[in-house]
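First the structure, in the form of structure tokens, and then the observations on it.
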Amino acid sequence: MWLYEKSKIECEIPANIHDVFKFLADKSNVAWRKNIVRVQTEASSKNIIEIYLNGQQLTYNLLDENPSKYRIYKIQHRFFSGYIMEEFKFLSKESTRIIITEKIRMHNDFLGIYSKLALNFKLGQENYVNDLKTHLIK
């Protein structure tokens with residue numbers, strides 16, 4: 001198995017920490033995400049399936065959360081699996097720092113090499129943060 005790929009991004013959001021945490025907790029609302037077509041949620045579990053423009057699917061399973069502090073997901077894709085941790089830091093009444101860390105393991109060595117050359121997990125995080133800022137700043 002290929003070693004984990006780790007990607008981390010930090011950004012400041014001009015919004016209250018509780019509002020940001022609550023907004024991101026609603027995984028059924030993806031209208032603000034440019035690269036998501038739709039989402040499927042399972043009411044009886046903590047599973048969320050995001051379906052992207054290119055047809056790919058990513059399954060999230062909420063493992064743990066502490067309101068307005070952090071949220072941890074296990075993720076599963078056909079090419080990789082891993083974990084995402086979202087951390088929320090209070091900066092001021094109307095400002096929040098978000099730290100998103102992804103730790104991904106490719107399912108085979110070829111995909112591991114391919115991911116080093118062609119995949120950009122950081123770009124996905126940047127798109128997510130930019131979409132979030134655009135929506136919350138309106």
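The values are calculated or read from the model by the stated rules, or taken from the named source; none is laboratory data. Quantities reported herein were computed from a predicted structural model and do not represent experimental measurements. In this analysis, Cβ positions are derived from the backbone assuming ideal geometry, glycine residues included, and neighbour counts consider all displayed protein chains.
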* Does His18 qualify as being without any contact (Cβ under 8 Å) to a residue 60 or more places away in the chain and surrounded by 14 or more Cβ atoms within 10 Å (Cβ to Cβ)? -> no
* **Some residue of segment 1-8 being modelled with pLDDT of 90 or more, crowded, with 17+ Cβ neighbours inside 10 Å and either under 19 Å from Phe121 (Cβ atoms) or touching a Lys or Arg at 6+ places or on another chain (Cβ under 7 Å) (or both)** => no
* Asked: Does Arg33 meet the test of being within 18 Å of Asp131 (Cβ to Cβ), at pLDDT 95 or above and among the basic types (Lys, Arg)?
  -> no
* Hey, among Ile84, Ile72, Ile99, which residue is closer than 16 Å to Ile17 by Cα and either at pLDDT 90 or above or among the hydrophobic types (A, V, I, L, M, F, W, C) (or both)? -> Ile99
* To do: Mind counting the residues in segment 1-57 that are in a loop (DSSP other than H, G, I, E, B) and either within 23 Å of Ile137 (Cβ to Cβ) or touching a Pro at 6+ places or on another chain (Cβ under 6 Å) (or both)?
  => 13
* To do: Check whether at least one residue in segment 104-126 is in contact with a strand residue (DSSP E or B) (Cβ under 9 Å, 6 or more places away or on another chain), modelled with pLDDT of 80 or more, charged (D, E, K, R) and outside any helix (DSSP H, G or I), and report yes or no.
  => yes
